[in-house]
Amino acid sequence: ISDGISSGRPCCAVHDCKQPLESVKHHFCPPHRDKSQHCAVVHCDKKAEPGFRTCSLPNHRKCEESYVEQGKAMFQLK
């Protein structure tokens, strides 16, 4: 049973990469797996800090904190 919306197969987060993912839980294919350790901000080549998806630059960390905050109920109540 379907609602008529097809989402297709999961693909690598690198633009135009045709390599299959090892699992639907992965974001990068095996050749691009090292990119998961980089800062999530576009065009930043620094390594992400342990426990974070961004590097230690204050404006990058603020972007991540804002992203995480939006997923919490208190953000919706403000």
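Annotation: of all residues in segment 14-57 being surrounded by 15 or more Cβ atoms within 10 Å (Cβ to Cβ) and of a type in the set (A, V, I, L, M), the one that is nearest to the chain's Cα centre (by Cα) is Ala40. When segment 14-30 is filtered for residues that are of a type outside the set (Phe, Trp, Tyr) and within 21 Å of Lys46 (Cβ to Cβ), the ones remaining, listed by number, are Val14, His15, His27.
A single member of Ser36, Ser7 is part of a helix (DSSP H, G or I), at pLDDT below 90 and within 24 Å of Tyr67 (Cβ to Cβ), and it is Ser36. Restricted to segment 58-69, and to residues there that are within 25 Å of Val14 (Cβ to Cβ) and at pLDDT below 90, the residue that is farthest from the chain's Cα centre (by Cα) is Ser66.
Taking first residues from segment 9-23 that are more than 14 Å from Lys35 (Cβ to Cβ) and partners that are assigned to a loop (DSSP other than H, G, I, E, B) and open to solvent by 70 Å² or more (accessible area, probe 1.4 Å), the Cβ contacts under 7 Å between residues at least 6 apart in sequence or on separate chains come to Pro10/Val24.
The values are calculated or read from the model by the stated rules, or taken from the named source; none is laboratory data. Just so it is clear, the structure is predicted and the values come from calculations on it, not from any experiment. Please note: Cβ atoms are built from the backbone with ideal geometry, for glycine as well, and neighbour counts cover all protein chains shown. Side chains are part of the model used for accessible areas, which takes the heavy atoms of the whole protein and leaves out ligands, DNA and RNA. Shrake-Rupley method; radii C 1.70, N 1.55, O 1.52, S 1.80 Å.
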